[in-house]
Structure formats: C-alpha cells, structure tokens
Amino acid sequence: MTLVQTRSTIPEEARKTGLLAVVIGRAVGIGAAAGAVVAEWARAVRGVVTSLGWAVIVAAIAALAAGYAWGWLEVIVLGWGFGLLVAAASVWLIGRGASTIELVLPTPRVVVGEAAEARLIAANPGRRRFGGVQLEVPVGRRVVERVLPGLPRGGAFDEQFPIPTERRGVVPVGPARTVRADPIGLMRREIVWSQVVDLHVHPRTVPITALSTGFIRDLEGAPTRDLTASDIAFHALREYLPGDDRRHIHWRSSAKTGTFMVRQFEETRRSRLMIVLDLDATAYTDAAEFELAVGAAASVGARAIRDARTVSFVVSGPAGGNGAARGSMRELPTVSRDRLLDALCVVETEERAAMLPDVAHAAAEALTGISLAFLVTGTARGIAPLRSAATRFPVGVEAVAVQCAPEGEPSVRSIAGLTVFRIGYLDDLRAMLARSASVA
C-alpha cells in the first residue's frame, strides 16, 4: 500500500519556504541550543576544576593516548588511575549544603578599637538532612573559615565571629560562600549565598563644647556693612523712594518731618563654620599624627552638625587641580554625623595633595559666609603654612589652627591674630575649646 502525502498534510511553513529550508532552520536552532548547553557545561567545568585538576586531566589523556598508541600497559594503567582519581574528586562536588545562609552585621558602624562582629545564620527548611560543608567569609584581606555542621530538617546554625577594627577604614565582609573540595585539591565548587556588606570603622572623636560659645556670639547671623530694605538688624531711617515697601514706613518719623521715612537695615548672613583637614603627606611626621588630625577634625565637625550649624568640611584636593575655586579642595558630606564619619573612613594622605594655603584660598573663594575656620594639620611644616593659610580668608573670619603631635604637651598661643592649638590627645582639644568658651 502506497501512502501519498497530499498538499494538506504538508506543514504550512514548509509550503511557504520549502521543506529543505525548514529542516535546515530547525537543525541550526537545535545546534545553537546544543552549543549553548555545551558552553554552559564548559563554564561550569572551568569553574570547579583547579589548576592541579587540569594538570591531572591532561596527564590522564596523554597517558591513555600514548599507552594505547604504543601498547604500553603501564602507561595505560597510569592514565586510567588518573581518570579514576578525577572521577572520585568529582563526587565531592555533589550537594549544596544548607539551603539558606544569611550574613548580618548587627552594628554597621563602630569606632576604632571597638568590638565588631558579623553573624552567620544557616538554616535547612527542606526535608532532607544536609551534610557538613566548609564555609568561607572574606573579611577585608583575610578569609574566615568555618565548618558548617550537618543540619537536620528544620535545623539552624547561628555563629558570630569578630571583625578587626584596629584601623580606621571600610572593611568589606562577605560574600558568604560554601566550598566543596576534594582532599587533594583537584575540584573546588563555590556557592555564593550573600552579598558583600561594609563595616565602617569611624575615627575616634570626643564630645566638645558648643562651638558658638566663645567664638560666634550671634544666633541669627553676623551683621555686615551691606544695607538692605528688609532684615533684622536696624540701621537708620531714610526718605521714601519709589518702589520701597510701604510696610517699612516709620509713621512717627514721617509725621515729624512731613516726609515719608522708611526703615533701613543691615544685611545679616548666617555664620558658616568651615573645617579644613590637610591631606598633604609632607605635613605629617608619621601616620599617628594624621590619625590624630582626622579625629580632631571629626570631633569639631560632629559637634557642629549636632548644633545644627551651617558647616563645610573641606579636605585637600590634587595639586594644580582644574579651576581656581574648587580644584585644590573637595567637600565631604555634612548632612548628618554618620555621613561625615563614613566619608572620613576612607580619607588618606596624598603625596600630590594641594598645600594648605592653596586649599584655604580655594575654600574661601568657593564658600561664602564663613565666620570661623578650623585648620587641622600636623607638625612637620611648622607655623608658617598656617599663618599663610589664615591670610587667605576674608577679613573678619576668625581662624583657629590645630596642630597634632601625638602624646605631646598641649599648648595655646596667638600669632598675628591666629589662634594655634597644639594637642597631643583628643581630650586636649576639648579642654582648650572649653577654656576658650569660659574666657569669652
């Protein structure tokens, strides 16, 4: 019996493009899908086979090829031995371990020297018991290793481990990963379970007295010599001019003189406190001086933010930066105390940082309304750069220089209108500011 394929039984696609074209198209699609699967398997194999494992695989293939080619039984046995060794190592990759692992930082911000811990929580909500597995958590430049015990159904594992906080900075913790590897080191399979979390190690600070006391005595702003038609500080009366606001007419004086008289005011500006931290590496004799300077500047900035002062925190920019106003300086965020201290975690000295006088000049041009400026630096360059930096501020700006000499004798002196604090500890800065407030 002969079967005759009618036109109606031919697929619509074949009738339009031809049967051969359809077969070729589907073959190409199947080949592409198979290629993708092979590529995925190749990536998976490359991800689990170590350098030693590849060496053993290559040795096994070479031994088998040479043994069968020349009939060397010993070499054939050696090749199959290498193959069995690779197969046995692959068994160690089976399984995933606990089904959930969470990495938590109970306290994401600490001060230098304070205790900090990370918490690992592993759970097995599945039906089967999971065997033990090695757990690795990168902490900064080191790796914390733990052995995760076998977890029964519904079991959990909770452990805390310390994080070093000897130095200011940002310590990346994680990701938490489980590792399955054979004892020889031919195969290694890593499964990542969590994201990287950052621990901010803040510089040491001390609580200091309110900065407005002893330096800035006004609450509403500092009056200037600029006159305006509407403000707080009254200046004088003058004759009414077209366009003046009638609400400011002084009726009693107008009645006496027979001419409309309006009030005139002194324009006031809200005082801005500025902190300049010197990042020039040549300004410090050692790293301890710079760390003390960071702590001193952070203490002043934290107090200003707490007092809701208008504050700008400036650090040195690159020497010869573009732009006269902002090239030699950069501002750190001062929207909150934590944001400022987070930024100070990563501040370091730079060999090519702008000199302190250039930073002060750039800050004075870029920021207006400065009433009080703190210049924080080391002792390597002496007083001359501090005096030069203080002269770069506009007239009326009070400058206070803070020189940091760890474990040195504290002192206070005034040089050509510049107040210079020399501190050996952060508590010295607190005492000096308190004394200045009491004298004022």
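The values are calculated or read from the model by the stated rules, or taken from the named source; none is laboratory data. If you're wondering where the values come from, they're calculated on a predicted model, not measured in any experiment. Virtual Cβ from ideal backbone geometry, glycine too; neighbours counted across all protein chains shown. For the accessible areas, the whole protein counts, side chains as well, though only heavy atoms, and no ligand, DNA or RNA atoms are used. Shrake-Rupley method; radii C 1.70, N 1.55, O 1.52, S 1.80 Å.
Multiply the residue gap between Ala123 and Arg352 by 0.36 nm, knock off their C-alpha separation, and tell me the result in nm, one decimal place.
Length gained, Ala123 through Arg352: 77.3 nm.
What is the gain in length, in nm to one decimal, between Ser51 and Trp72 on full extension, counting 0.36 nm per residue of separation less the C-alpha to C-alpha distance? Display every interim value, and only then the final one.
Values: separation 21, 0.36 × 21 = 7.56 nm, distance 2.73 nm.
Additional length available on full extension: 4.8 nm.
For Ala416 and Glu365, FRET efficiency with R0 = 25 Å and r from the beta-carbon atoms, rounded to 0.05?
The computed FRET efficiency comes out at 0.65.
What accessible area, in Å² to the nearest ten, does a 1.4 Å probe give for His202?
For His202, solvent-accessible area is about 10 Å².
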